[in-house]
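The values are calculated or read from the model by the stated rules, or taken from the named source; none is laboratory data. No experiment lies behind these values; they were computed from the predicted model shown. Every residue, glycine among them, receives a Cβ derived from its backbone with ideal geometry; neighbour counts consider all protein chains shown. All accessible areas refer to the heavy atoms of the entire protein, side chains included, with ligands and DNA or RNA removed. Shrake-Rupley method; radii C 1.70, N 1.55, O 1.52, S 1.80 Å.
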Amino acid sequence: NRVLKFNADWEIQLVITEADGRPLRNPQGLYVDEYGYIFIADTDNNRIVNIAPTGEYVESFVKPESALYDSRYAFRPMRLSIDPVGQIYMINLEDYHGFVILDAENNFRGYVAPTRLPYSFLDKLIEYFATPEQKERLAKRMPPIHSSLSICERGTIYSTTRRTGIDQLKRFSNIGVNIFPKQGSSFGETRGDYVLRRFGVEVLEPDFVDLAVDPMGVISLLDRTTGKVYQYDNDGMLLGVFAGKGTWGGKFISPVSIAQDSRGALHVLDSHSGAIHVFQPTAFIRKVHDALALYYAGKYEEAVGPWQEILAIDPNYSVAHIGMGKAYMKQERWQEAMDAYKAADDRTGYSAAFREIRKAFFRQYFGLLLLLAMVLLAGAARGFVLLRKAQRSQGI
């Protein structure tokens, strides 16, 4: 029930245990703005409190007085972030309306990105043949819930979602539409049978509790089930996996939060040990990030060099092959793109490159192919006429 503020040398600068004369109760989320003001999701006090960089109480945000706010759900802020225009986006505990939006005056601005139970034909089939006990278990299924969010400087919302086997990572526009390229995909590691899971058999599936997004759009997901951190690029391609379950440095028992600092280091909080684990990027992953930065900046030819350096270190790193394939595609070097995608066993990319080669072939030889088709058609017509004449001459 406290918030600690450290300097870069991990010396405690500030301890916050109360706000406006009330002790903090089960705070679960933090956001620090560019001026150092600390916004705390004081969950069991039903409020968000704003604390100045020096520790003084500034203001509180509480349940809004609005007919549009669904009062059936208590105001229990869990995670929060602030968009570029100063609006607070908040995850309300066990609220399926999506993110709650408040302005700087505590006015309710609406919900965005609600969660819903997806339609499942398999569930309907199982329900038809299930016993009453099994039907009761099916009826208790809960919709997915957002577990964390991060808003980049352009206003794009990144979110992790729990209680779902797909789309655990989403990227929303400011009107709540999921615009992440890999929609319908699963993230992390899932082990277990889908049908058995519906009948209550325990399986291991990801439980993403937090994420961190760097300025390039590289996303680090924290999975509480495995204790691992999964890092993806802005297109949803897996770059690497590290950490895991354990009781020594770099391993966790119950990881609950992840953040990235301005130097690229990742900080993971383990609630079981009360420790913060700090991960510095290796030289290898720095090269990967450099190559991605060049690609997303439109410097496609320059991006090839870092990918080749990466492949010199690890020739089997499929991400580098795919990265080179993407760079070649932007330069219209279709055959080289096909070779790169083939090395990565990326059928989608290979097909896209082959399609471009086919289009280029038809564009180049269209006139010749059209002339050839016309000659063949004329020859066939001439042959048909001669055949008919021969048949008539024979009285057929």
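May I ask you to verify whether residue 2 is under 21 Å from residue 147 (Cβ atoms) and either more than 30 Å from the chain's Cα centre (by Cα) or free of Cβ contacts under 8 Å to residues at least 40 places away in the same chain (or both)? Give the derivation first.
Numbers: under 21 Å from residue 147 (Cβ atoms): no; either more than 30 Å from the chain's Cα centre (by Cα) or free of Cβ contacts under 8 Å to residues at least 40 places away in the same chain (or both): yes.
Answer is no for this residue.
Just the residues that are assigned to a strand (DSSP E or B) and of a type in the set (A, V, I, L, M, F, W, C), please, taken from region 234-246.
Of the residues in region 234-246, the ones assigned to a strand (DSSP E or B) are 238-243, 245.
Those that are assigned to a strand (DSSP E or B) and of a type in the set (A, V, I, L, M, F, W, C): 238, 239, 241, 242, 243.
Go through region 206-232 and count every residue that is open to solvent by 10 Å² or more (accessible area, probe 1.4 Å) and aromatic (Phe, Trp, Tyr).
1
Considering 33, 42, 70, which residue is open to solvent by less than 60 Å² (accessible area, probe 1.4 Å), under 30 Å from residue 156 (Cβ atoms) and touching a His at 6+ places or on another chain (Cβ under 7 Å)?
On the way: 33 fails: touching a His at 6+ places or on another chain (Cβ under 7 Å); 42 fails: touching a His at 6+ places or on another chain (Cβ under 7 Å).
Among 33, 42, 70, only 70 is open to solvent by less than 60 Å² (accessible area, probe 1.4 Å), under 30 Å from residue 156 (Cβ atoms) and touching a His at 6+ places or on another chain (Cβ under 7 Å).
What are the residues in region 247-292 that are in a strand (DSSP E or B), β-branched (Val, Ile, Thr) and without any contact (Cβ under 8 Å) to a residue 40 or more places away in the chain, if any? Step through it out loud before you land on a result.
So in region 247-292, the residues in a strand (DSSP E or B) come out as 252, 255-260, 266-270, 275-279.
Checking which are β-branched (Val, Ile, Thr) leaves us with 256, 258, 268, 276, 278.
Residues satisfying the conditions are 276, 278.
Could you tell me whether region 362-382 includes any residue that is touching a residue at least 12 places away in the same chain (Cβ under 8 Å), open to solvent by less than 100 Å² (accessible area, probe 1.4 Å) and in a helix (DSSP H, G or I)?
Applying the first criterion (touching a residue at least 12 places away in the same chain (Cβ under 8 Å)) to region 362-382 yields none.
No: region 362-382 contains no residue that is touching a residue at least 12 places away in the same chain (Cβ under 8 Å), open to solvent by less than 100 Å² (accessible area, probe 1.4 Å) and in a helix (DSSP H, G or I).
Confirm whether residue 280 is of a type in the set (S, T, N, Q), under 20 Å from the mean Cα position of the chain (by Cα) and open to solvent by 60 Å² or more (accessible area, probe 1.4 Å). Walk me through it before giving the result.
On the way: of a type in the set (S, T, N, Q): yes; under 20 Å from the mean Cα position of the chain (by Cα): no; open to solvent by 60 Å² or more (accessible area, probe 1.4 Å): yes.
When the stated conditions are applied, residue 280 does not pass them.
Please state which one of 345, 339 is under 30 Å from residue 240 (Cα atoms), open to solvent by 70 Å² or more (accessible area, probe 1.4 Å), free of Cβ contacts under 8 Å to residues at least 60 places away in the same chain and not in a helix (DSSP H, G or I).
On the way: 339 fails: not in a helix (DSSP H, G or I).
After applying the criteria, what remains is 345.
Looking only at region 124-172, filter to residues that are at pLDDT 85 or above and small (Gly, Ala, Ser); which one of those is surrounded by the fewest Cβ atoms within 10 Å (Cβ to Cβ)?
Going through the qualifying residues, I end up with 155.
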